[in-house]
Amino acid sequence: MRPRSAILAVILTLSLWGVLLAQKPFKEYPGEDRIPLPKDWNVPHEWVTARLMWRSYGGRMAFGFGGWGTDYPGGDRNLIEGVRRLTSIDVRSVEQPTELDGSDDIYNWPFLYAVEVGRWQLDEEEGKQLREYLDRGGFLMVDDFHGRYQWQVFEEGIRMAFPNEDIEDLPQTDPIFHMLSDVDLKIQIAGEAALAYGRTYEQADDPYPRWRGIRDKKGRIVVAICHNMDLGDAWEHSNEPWYPEEMATTAHRILVNYASYDLTH
Amino acid sequence: MFEFLFKYSRTVFNQGNFVFLNSWPVWMLWAGIAAAAAGLGFLIWRKGGAATPVRSVLVWLLQAALAALLLFMIWRPALSVSTLKPQQNIVAVLVDDSSSMATKDEGDAARKDRATKVLTDGLLQKLKDKFQVRVYRMSDHLARIEGLDQLNAQSPVTHIGPSLKQVVADAASLPIGAMVVLSDGADNTGGVDLETIAEIRRQRIPVHTIGFGREQMQRDIEISNVELPQRTLPESRLSALVTFHQHGFTGQKAKITIRDNNKVLAAQDVTLKAEGAEQLETVLFNAGPAGVRMIQAFIDPLPNEENLRNNIVTRMVNVDKRKPRILYLEGEPRWEFKFARRAVEDDQSIDLVTILRTAPNKLYRQGVKSADELKNGFPTTVEELFAFDGLMFGSVDAAYLTPQQLQNVKDFVDRRGGGLAFLGGKDALADGGWQATPVAEVMPTTLPDKKGTFQWTPANVRLTPQGSESLITRLEDDPKKNDKRFEDLPYIRNVQDVGTPKLGALVLAEAVPMNGGGKALPLLITMNYGRGRSAIFATSGSWRWQMLQDKSDMSHEMFYRQFLRWMVTDTPAHVTGSTPRSLMADESVAQLRATVKDKTFMPAADAVVEARIIGEGVTETVAMTPDQGEPGTFTLDWTAPKQGDYLVEVIAKRGDQELGRDAFTFRREDGTAENFHIEQNRALLEKLSSETKGNYYKPADAQQLGEDITYSEGGISVRETRDLWDMPILFLAFLMIRAVEWLLRRKWGTI
C-alpha cells in the first residue's frame, strides 16, 4: 500500500469510528494462539463476544498467559463456532477486545467475557463504567480464576461496581442453566494445567466448582461467575482429543445458555 | 325613504301579492308594450336623418320605456295584502331568558335588559293597542309570564325551535296572528329544524325577530372544539387537539392547560394567530391510571376578555383497565429482541408474549399464561391467534409459517382489527419472502421483490413532519425539541429497504445513512388497513438507543411503549360498547351502540344484547336492537333523565353462552353550550323571519314592528287591496326618462 493510500485509510477508519460513537474497529492483539483470521472477519453480524482487556500490574497490554488475553484468541474463536453451531444466533467470526477506558466503545458490545479475573485490577472509574454498562443492559461472564486468594482479588474489583449487592451461588434449577441445554453443575470444567496434574481444580484451598452470579434490581443475572473453572481452556482445546469431552461439551452448553439468557432477559 | 318612494312599508310588499286591478287581460299589457315599442321604432327609423344608429337606438329605448311605464300604470298595479283584525288576534312575544342574555357586550346593560327596554319603550304598548298580547319566557321550555320582571336570564339552555313549536300548537285553538322573538339567537339544539319552520308556514304565522348582542366579540377567545379519544390505556400519552379562535388578541401569548378536575396535566404557551381564524394546537398529556377522566382544556383568561365561560371545554376519557396482549415472534436471538422486551417490561398496560427461535428446532417462550400456551409455537387456529391484540414479527422468514397461518395473520388485521408490526432483520420482510404472502396486502409498503434488502449501514434517524406529530415518536412534548432529540439519538447499525410506501401509509421516520452512505430510506411506516393497522420498523438496531445513552435515558423505552400501545389501543374486543358523544352537552338522548363478534370475529348478528345502565338514581336493563344494515351491531337510544354520570355495561349472549361484555361511561351536562357562540346568531334569526314572512329588526328599529306586525295571513285577518299606480317612484321614473332624453338631445345638438 502506498503511503498516501495508507493515510487515507487511517483517516477514513478514524472518522467512521468517531461517527459511530466511538465503536472501535476490530483489532487483533498478540495472544497465546497463533491462528489465522477467518476470511469473513470483517463481515458485520448481530452478536459479538467481547473480551474485557482489564488492567493488571503490567497495564492493559499485559496480554497472554495470566492476563486478559489468556486462551486468546483460540478460545474465543472456538466458542464462536460453538454458538454458531448450536444456536440461531447470528455470530461474528471474531471476538472484540474492549476495555473500561471511559470511552463509549464497550457499550456497543452487550456481551462481555473476562478471564483470569483473580488477577485483575479495577479502580473506581472502571468500576463505575462497568456498573453503568451492566445497568444499561450489558452482561459480564467471568472465568478462569481459582482458589480463595484469587476470589478475594476478583471480589475487590467487582465491588467497585457492586459495592453492596449479593454475590449468590446459583442453584442447579436457575433458568440460566436450562436455556438451550440442561447443564450439570457438578461437572468441574478443568483447565489445561490442572488436567496435567490429573486434577480438576487448581487451588487446593477451594477445590469445588462455584457457579455464582450477581443480579440487578429486577432479579436478572447480570454477572455470571465461573470460579474454580476454566471454560476458556475447554473452548480452546475442545477440538483436541486429550481434553475431556464432557467438560468441553459442558463449557459450550454453559456459553450458549449464558448468551441466550443475556439475549432474552 | 322606502316608504316615501314606494308608498308602503317593506312589510306590505313582503306580505302582499302583486295584482293588476284593470279588468283587461295582462297579455294585452305585454302586447301593448310590444306594439308601442315597434311603432316607436318604425317612426324613429323613418325619420332617420343625420342621427347615428347608436343615437337612434338610445332614443328608441327611452321612448319605449316611457310607453311601457304608462301602460303599466294604466293597468292599475296593486298589492293584495292580509291584515290582522284589530283586537281579535293574539300576538305571542317570546323573550329569550337563557344565561347568554345576561351578557353585557354592548354597554353596561345586559341583553335581557335591552330586550325589556325595547318592549317597555312603546313596542309592547303598540302591540297591546291592536292585539291581545301574551308574553313568554323562552329557555329549556316555554312559560307564559305576567310581567317582564319575571325574566332573570339564568336558564342554562335555550330551545328556540321547541318553543316556537309550542306556540304553533296553541295556534290550533287560539287566533295567533304573529310571533315576536327577542333573542340573541344562541340556541343549544343546533337551530330551528325544518319541520318546525314548515309547521309555522302552514299556519301562516309570521315570526318577527329582534336580535340582541354583538355579532362579533371584540375581545374574546373561545375554544371551538377539543378532540380526544374516548378510550385509552392506562398511562398512555394522549394528544388533545384544541381548536380555538379569538378576536382582539392577535399576536399575543395565551396559555392552554389540560386538567383532570383541578390537577394540571399539561400546559402549553401559544401565540395567537389571525383575528377570527380557527387555530389548532396539540397538547400532550398522560392519561394517568385506569378510571374515568374528565379532561378539561382551558385557556387562561386574557386581559379584559368579554366572555370567560367559553375558555373551557370538557371531554370524557375512559381509561380502560385492560392489558392488551401482543405476540412477538422472533426468528433468532438478537439484541433488538432483548431490549424491546426490557423496554416494555415495566409497562403495566402491555402484556408482551414472545416466542423466540433459539435454535433451528427450539423455541423459547416468555410471558405465557401457562406451560401449555403456545407450546407448539405460533398459533395455528384463528381462535388462538385472535386472542391476541397485536402481533409483531422479527427476523423470521415467511416460510416458517404455513399458508393458513399467513392467511390468519392477514385476517388478524383486516377482520379482527388487530395491530401488526414488522421489525427489520436478515430474515425479515423482503429477505424473508413476505412479499409473496397474503400478509403483504396489509403491510404499509410494497416490499421489493428481491433479497439483500437488509444492510449493515450505519444511519441516523430523522423524523418526517408526520413523525413530528405522531404519538409513537414523541419523546418530547415540544415538536422541535422532539425532532432534535431524534437527530441526537445514537446511530442504528442496520437498515432494511422496505420498498415503496403505499397510498395512505404514513412515513414517520427515515434512516439517513452516515457519511453520505446513500439516500434516506423509510424507517418507520404505519398504515390503517381494514379494521386494524400495520407498521414496519425497518431496523434491528434501535437497541443502541439504550446501550449508548445514560442508563437514566428513557428514549428507547418510550419509543417501544408508544409503538406497541399504538398497535393495540384501538384493537376491539369481541363486544365493544360505545356512544358517539361521551359528554352530551345539552342533550338528553344517548345513542348507545354495541358491536358484537364471535370467537372468530365474525359479526354475531344472532346475539341477544342488553344494556345495563346505572347512574343518577337510575338502574335499568334495556334490550338493544339489531341494526339491520350492519350485522352484529346493536343500538339503543336512551334518554338520560337528568344531568350526571352514567355507566353502561353491554352484555352479549348467544343462547346461554356469553360472547362478551364491555363497559363505558357517558355524562349528560346541561348549560354548557350556552357559554359558547354567544355572539348574536343573526343568521339564525334572519332565516327564521324570512322563512316565515316576518322581518328581522335591530333593537333601534324595533318600534317599526308595531306597524309592520299588522300585515299577516295568520290568525283572524282580512284581505285588502293597495293601489300602486300612484307610487311616487313611478312618477319619478317618468320624469327621469324624459330628462335623460332631453339631456342627450341637447348634447347631440338636435334641439
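The values are calculated or read from the model by the stated rules, or taken from the named source; none is laboratory data. Remember, it's a predicted structure, so these values are computed and weren't measured experimentally. Here the Cβ is made from the backbone with ideal geometry for all residues, glycine too, and neighbour counts use every protein chain on show.
Among the conditions (1) within 14 Å of another protein chain (Cβ to nearest Cβ); (2) touching a residue at least 24 places away in the same chain (Cβ under 8 Å), A:Tyr201 misses just one, which is (1).
Going residue by residue through the range A:82-90, is there one that turns out to be crowded, with 20+ Cβ neighbours inside 10 Å, of a type in the set (A, V, I, L, M) and more than 12 Å from chain B (Cβ to nearest Cβ)? So far as the range A:82-90 goes, no, none of its residues is crowded, with 20+ Cβ neighbours inside 10 Å, of a type in the set (A, V, I, L, M) and more than 12 Å from chain B (Cβ to nearest Cβ). Can we say B:Arg55 is among the basic types (Lys, Arg) and either touching a residue at least 40 places away in the same chain (Cβ under 8 Å) or surrounded by 13 or more Cβ atoms within 10 Å (Cβ to Cβ) (or both)? Considered against the rule, which asks whether it is among the basic types (Lys, Arg) and either touching a residue at least 40 places away in the same chain (Cβ under 8 Å) or surrounded by 13 or more Cβ atoms within 10 Å (Cβ to Cβ) (or both), B:Arg55 comes out as yes. Residues in the range B:621-649 that are surrounded by 13 or more Cβ atoms within 10 Å (Cβ to Cβ), of a type in the set (D, E, K, R) and part of a strand (DSSP E or B): B:Asp645, B:Glu649.
For B:Gln252, state whether it is closer than 28 Å to B:Ile678 by Cβ, surrounded by 14 or more Cβ atoms within 10 Å (Cβ to Cβ), at pLDDT 95 or above and touching a Ser or Thr at 6+ places or on another chain (Cβ under 8 Å). Steps first, please.
On the way: closer than 28 Å to B:Ile678 by Cβ: yes; surrounded by 14 or more Cβ atoms within 10 Å (Cβ to Cβ): no; at pLDDT 95 or above: yes; touching a Ser or Thr at 6+ places or on another chain (Cβ under 8 Å): yes.
For B:Gln252, the condition - closer than 28 Å to B:Ile678 by Cβ, surrounded by 14 or more Cβ atoms within 10 Å (Cβ to Cβ), at pLDDT 95 or above and touching a Ser or Thr at 6+ places or on another chain (Cβ under 8 Å) - is not met.
Within the range B:739-751, residues that are more than 10 Å from B:Arg55 (Cα to Cα) reach partners that are in a helix (DSSP H, G or I) and of a type outside the set (Val, Ile, Thr) with beta carbons closer than 7 Å, at six or more positions or on different chains, in the pairs B:Val740/B:Leu62; B:Glu741/B:Leu62; B:Ile751/B:Arg745.
Tallying residues that are surrounded by 11 or more Cβ atoms within 10 Å (Cβ to Cβ) and either touching a Cys at 6+ places or on another chain (Cβ under 7 Å) or without any contact (Cβ under 8 Å) to a residue 60 or more places away in the chain (or both) within the range B:1-37 yields 17.
Results for (1) touching a Phe, Trp or Tyr at 6+ places or on another chain (Cβ under 9 Å); (2) buried (at least 23 other Cβ atoms within 10 Å of the Cβ), shown as yes or no for each residue.
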| residue | (1), (2) |
| --- | --- |
| A:Gln96 | yes, no |
| A:Leu100 | yes, yes |
| A:Tyr107 | yes, yes |
| A:Pro110 | yes, yes |
| A:Glu116 | yes, yes |
| A:Gln121 | yes, no |
| A:Glu125 | no, no |
| A:Lys128 | no, no |
| A:Leu134 | yes, no |
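Per the conditions (1) away from every other protein chain (no Cβ under 14 Å); (2) closer than 27 Å to A:Ile89 by Cβ; (3) buried (at least 22 other Cβ atoms within 10 Å of the Cβ); (4) without any contact (Cβ under 8 Å) to a residue 60 or more places away in the chain, the sole criterion not satisfied by B:Leu420 is (4).
So, in the range B:293-313, exactly how many residues are crowded, with 16+ Cβ neighbours inside 10 Å and modelled with pLDDT of 90 or more? Please lay out each step first, then the result.
Quick first cut of the range B:293-313, residues crowded, with 16+ Cβ neighbours inside 10 Å only: B:293, B:295-299, B:302, B:305-307, B:310-313.
Applying the additional criterion that residues be modelled with pLDDT of 90 or more yields B:293, B:295-299, B:302, B:305, B:310-313.
Qualifying residue count, the range B:293-313: 12.
Here B:Leu705 meets the list (1) outside any helix (DSSP H, G or I); (2) of a type outside the set (Ser, Thr, Tyr); (3) touching a His at 6+ places or on another chain (Cβ under 6 Å) almost entirely, failing just condition (1). Within the option set B:Phe412, B:Phe378, B:Phe386, being within 22 Å of B:Asp598 (Cα to Cα) and out of contact with any Leu (no Cβ under 7 Å at 6 or more places or on another chain) holds for one residue only, B:Phe386. Identification of strands (runs of 3 or more DSSP E) wholly contained in the range B:133-219 with 3 or more residues that are modelled with pLDDT of 85 or more and surrounded by fewer than 19 Cβ atoms within 10 Å (Cβ to Cβ) yields B:142-145.
Which of the strands (runs of 3 or more DSSP E) contained wholly in the range B:350-415 include at least 1 residues that are buried (at least 22 other Cβ atoms within 10 Å of the Cβ) and not polar (S, T, N, Q)?
Details: elements: B:351-359, B:362-366, B:390-393.
Passing ranges, in order: B:351-359, B:390-393.
The listed residues are A:Val19, A:Val43, and the only one of them that is of a type in the set (Val, Ile, Thr) and modelled with pLDDT under 90 turns out to be A:Val19.
For the range B:541-572, the set of residues classified as part of a loop (DSSP other than H, G, I, E, B), crowded, with 22+ Cβ neighbours inside 10 Å and within 12 Å of another protein chain (Cβ to nearest Cβ) consists of B:Gly541, B:Trp543, listed by residue number.
To keep it simple, each residue is scored yes or no on (1) acidic (Asp, Glu); (2) touching a residue at least 24 places away in the same chain (Cβ under 8 Å); (3) over 30 Å from B:Phe298 (Cβ atoms).
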site	(1), (2), (3)
B:Leu659	no, yes, yes
B:Ala663	no, yes, no
B:Gly671	no, yes, no
B:Ala700	no, no, yes
B:Ile709	no, yes, yes
B:Ser712	no, yes, yes
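With A:Ala234, A:Ala190, A:Ala224 as the choices, which residue is more than 30 Å from B:Lys551 (Cβ to Cβ) and in contact with a strand residue (DSSP E or B) (Cβ under 8 Å, 6 or more places away or on another chain)? Sole residue among the options that is more than 30 Å from B:Lys551 (Cβ to Cβ) and in contact with a strand residue (DSSP E or B) (Cβ under 8 Å, 6 or more places away or on another chain): A:Ala190.
Quick grid of which residues meet (1) among the charged types (D, E, K, R); (2) within 28 Å of the chain's Cα centre (by Cα); (3) surrounded by fewer than 22 Cβ atoms within 10 Å (Cβ to Cβ):
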| residue | (1), (2), (3) |
| --- | --- |
| B:Thr473 | no, yes, no |
| B:Ala509 | no, no, no |
| B:Met514 | no, no, yes |
| B:Arg533 | yes, yes, no |
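Being more than 14 Å from every other protein chain (Cβ to nearest Cβ), at pLDDT below 95 and within 24 Å of A:Asp33 (Cα to Cα), is that true of even one residue in the range A:246-255? No, because not a single residue in the range A:246-255 is more than 14 Å from every other protein chain (Cβ to nearest Cβ), at pLDDT below 95 and within 24 Å of A:Asp33 (Cα to Cα).
Kindly provide the set of residues from the range B:75-131 that are assigned to a helix (DSSP H, G or I), closer than 30 Å to B:Thr721 by Cα, in contact with a strand residue (DSSP E or B) (Cβ under 7 Å, 6 or more places away or on another chain) and among the small types (Gly, Ala, Ser), ordered by number. First the steps, then the outcome.
Step one: filter the range B:75-131 for residues assigned to a helix (DSSP H, G or I), giving B:99-102, B:111-130.
Filter once more, so that each one left must be closer than 30 Å to B:Thr721 by Cα: B:122-130.
When the remaining residues are screened for being in contact with a strand residue (DSSP E or B) (Cβ under 7 Å, 6 or more places away or on another chain), the result is B:124, B:127.
Within the range B:75-131, none qualify.
The residues of the range B:99-134 that are small (Gly, Ala, Ser) and within 28 Å of B:Pro175 (Cα to Cα), listed by number, are B:Ala115, B:Gly122. Just one of the numbered conditions (1) outside any strand (DSSP E or B); (2) touching an Asp or Glu at 6+ places or on another chain (Cβ under 6 Å); (3) surrounded by fewer than 19 Cβ atoms within 10 Å (Cβ to Cβ) is not true of B:Ala663: (1). Screening B:Asn304, B:Asn286, B:Asn310, B:Asn262 for residues that are outside the structural domain of B:Gly425 (by TED's automatic domain parsing), without any contact (Cβ under 8 Å) to a residue 12 or more places away in the chain and not hydrophobic (A, V, I, L, M, F, W, C) leaves exactly one candidate, B:Asn262.
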